[in-house]
Amino acid sequence: MKIGTDAHKELFCRSFMEAHNPYIVTELPWPELDDASLARLRSVPFWDEVFFAERRAGAMVRAYAETIQDPLVREAIDLQGFEEARHADLIRHMIDLYGIPASDRPISKLPADIETGFLDFGFGECVDSFLGFGAYSFGKRAQFLPDSLFAILATLLEEEVRHIVFFVNWVAYRQAQRGRGAAPLRALHSLWFHGRAVARHVQDIRDGQKNKTEVSAEERDRAKFSATQADIFPGGFNARAFLSECLSENARRMGAFDPRLLRPSLMPGLARGALTVLNVWPGNWGKPVTASKTA
Ligand SMILES: [Fe+2]
Ligand SMILES: [Fe+2]
């Protein structure tokens, strides 16, 4: 498959659209949760942030789709926008159904340069999804929540996987169309946008720490019992075990796509490099940890 050709475009657009799952959020098999599971679900401090991010993603991706001339690419990106908005509906439904404490706020202004906004968003999804694979897998194995609820969250994660595979192919197609399809140029472009995604995350963490003094006592308590901390990583966080999980989940999920399609490669490559270092690093970072059920 020659990247940047019409055949490539047909393949990445049509395979993305054909794999669309037409589920209705309220008709998913939402389970009844016992008190312990409810407490755990409510302790996760970022559901309102996820809801906000998905809502903004839906609006931004659909706004970008409207600017695209090519009807096939436009249809595919508009479908992605629909799926992002449905993710927001799914998280909102979960918040309401299980009484999760979450604030509501209007979405922030969409970027003036909507195409760069879409590029930033897409490369950000490549970073987040790769890390999400490991977090999901650890949390599931540790039975942080019942499997029935993980199955619903898997619906969302599977769509994110389709999004990033579509995205990297669209970026490569776009680069080739602009005469920048050589592999080193594409790699540099990808590295630049991954760097921007990581810088945004670092800034978000800094902003979060700055605002720490302004959060309510309830939010502080929830943060203490954070799912991103020890509960998802029983025995404490272990970089090697986590990166290994991200890599194996990534390989499993990417294996389901047409072999002619490109896959996101930078995060798996960085993770493999980091693992090589951790394998010879002294101390606890390299010690494997097994996820187990937590109380
Ligand atoms: Fe999403
Ligand atoms: Fe997405």
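Would you kindly identify the helices (runs of 4 or more DSSP H) lying entirely within the stretch 198-295 that contain at least 1 residues that are modelled with pLDDT under 80? Explain how you work it out, then say what you get.
On the way: elements: 217-224, 239-254, 266-280.
Output list reads 217-224.
So how many residues does the stretch 103-132 have that are touching a Ser or Thr at 6+ places or on another chain (Cβ under 9 Å) and among the charged types (D, E, K, R)?
Number of matching residues: 1.
Kindly evaluate residue 89 against the criterion of being at negative phi, part of a helix (DSSP H, G or I) and touching a Lys or Arg at 6+ places or on another chain (Cβ under 8 Å).
Numbers: at negative phi: yes; part of a helix (DSSP H, G or I): yes; touching a Lys or Arg at 6+ places or on another chain (Cβ under 8 Å): no.
Spelling it out, it is not the case that residue 89 is at negative phi, part of a helix (DSSP H, G or I) and touching a Lys or Arg at 6+ places or on another chain (Cβ under 8 Å).
How many of the residues in the stretch 4-54 are assigned to a helix (DSSP H, G or I), surrounded by fewer than 18 Cβ atoms within 10 Å (Cβ to Cβ) and more than 16 Å from ligand 1 (Cβ to nearest atom)?
Qualifying residue count for the region: 13.
Please pick out the residue among 89, 78 that is within 15 Å of ligand 1 (Cβ to nearest atom), within 27 Å of residue 151 (Cα to Cα) and over 18 Å from the mean Cα position of the chain (by Cα). I'd like the intermediate steps shown before the answer.
Numbers: 89 fails: over 18 Å from the mean Cα position of the chain (by Cα).
When all the criteria are applied, what remains is 78.
If a residue has to be of a type in the set (A, V, I, L, M, F, W, C) and within 16 Å of ligand 1 (Cβ to nearest atom) to count, how many in the stretch 144-163 make the cut? Quick ask: steps written out before the conclusion?
Within the stretch 144-163, the subset of a type in the set (A, V, I, L, M, F, W, C) is 144-145, 149-154, 156-157, 161.
Next cut, within 16 Å of ligand 1 (Cβ to nearest atom) only: 152-154, 156-157, 161.
Counting residues in the stretch 144-163 that are of a type in the set (A, V, I, L, M, F, W, C) and within 16 Å of ligand 1 (Cβ to nearest atom) gives 6.
Given (1) in a helix (DSSP H, G or I); (2) closer than 21 Å to residue 140 by Cβ, identify the lone condition not met by residue 80.
Result: residue 80 fails condition (2) only.
Output yes when any residue across the stretch 55-75 is more than 19 Å from residue 121 (Cα to Cα) and touching a residue at least 12 places away in the same chain (Cβ under 8 Å), and no when none is.
Initially, the stretch 55-75 is screened for residues more than 19 Å from residue 121 (Cα to Cα), giving 69-72.
Retained after the next criterion (residues that are touching a residue at least 12 places away in the same chain (Cβ under 8 Å)): 70, 72.
Yes, that holds for at least one residue.
Contact list please: Cβ distance under 8 Å, first residue in the stretch 20-40 and at negative phi and among the β-branched types (Val, Ile, Thr), second residue surrounded by 14 or more Cβ atoms within 10 Å (Cβ to Cβ) and part of a helix (DSSP H, G or I), pairs at least six apart or on different chains.
As it stands, the answer is 25/86; 25/89; 25/90; 25/93; 26/93, since those pairs meet every condition given.
Which count do you get for residues in the stretch 130-159 that are touching a residue at least 60 places away in the same chain (Cβ under 8 Å), not in a loop (DSSP other than H, G, I, E, B) and not aromatic (Phe, Trp, Tyr)? It would help to see each step written out before you state the result.
Of the residues in the stretch 130-159, the ones touching a residue at least 60 places away in the same chain (Cβ under 8 Å) are 130-131, 133-139, 141-146, 148-149, 151-152, 155-156, 158-159.
Add one more test, that the residue is not in a loop (DSSP other than H, G, I, E, B), and what stays is 130-131, 133-139, 141, 148-149, 151-152, 155-156, 158-159.
Okay, now just the ones that are also not aromatic (Phe, Trp, Tyr), so 131, 134-135, 137, 139, 141, 148-149, 151-152, 155-156, 158-159.
So the answer is 14.
I need a count of the residues in the stretch 91-108 that are in contact (Cβ under 8 Å) with a residue 12 or more places away in the chain and either of a type outside the set (A, V, I, L, M, F, W, C) or within 12 Å of ligand 2 (Cβ to nearest atom) (or both).
Qualifying residue count for the region: 9.
Quick one: which residue in 69, 80 is buried (at least 19 other Cβ atoms within 10 Å of the Cβ) and not charged (D, E, K, R)?
Criteria check complete, one pass: 80.
What are the residues in the stretch 11-46 that are of a type in the set (D, E, K, R) and under 25 Å from the mean Cα position of the chain (by Cα), if any?
So the first thing to find is which residues in the stretch 11-46 are of a type in the set (D, E, K, R), and the list is 14, 18, 27, 32, 34-35, 40, 42.
Within the stretch 11-46, 14, 18, 27, 40, 42 qualify.
Taking only the stretch 120-143 into account, find how many residues are under 15 Å from the mean Cα position of the chain (by Cα) and either among the charged types (D, E, K, R) or within 16 Å of ligand 1 (Cβ to nearest atom) (or both).
16
Tell me which of these residue 103 doesn't satisfy, since it passes every other one: (1) of a type outside the set (A, V, I, L, M, F, W, C); (2) crowded, with 18+ Cβ neighbours inside 10 Å; (3) outside any helix (DSSP H, G or I).
All conditions pass for residue 103, except number (2).
Taking into account only those residues within the stretch 55-66 that are of a type in the set (Gly, Ala, Ser) and surrounded by fewer than 20 Cβ atoms within 10 Å (Cβ to Cβ), which is farthest from ligand 2 (Cβ to nearest atom)? Explain how you work it out, then say what you get.
Of all residues in the stretch 55-66, those of a type in the set (Gly, Ala, Ser) come to 57-59, 63, 65.
Checking the rest, the ones that are also surrounded by fewer than 20 Cβ atoms within 10 Å (Cβ to Cβ) come to 59, 63.
Numbers: 59: 13, 63: 15 Å.
Looking at residues that are of a type in the set (Gly, Ala, Ser) and surrounded by fewer than 20 Cβ atoms within 10 Å (Cβ to Cβ), I get 63.
The values are calculated or read from the model by the stated rules, or taken from the named source; none is laboratory data. On a predicted model such as this, the values are computed, not experimentally measured, just so you know. Reconstructed Cβ throughout: ideal geometry from the backbone, glycine too, with neighbour counts over all protein chains shown.
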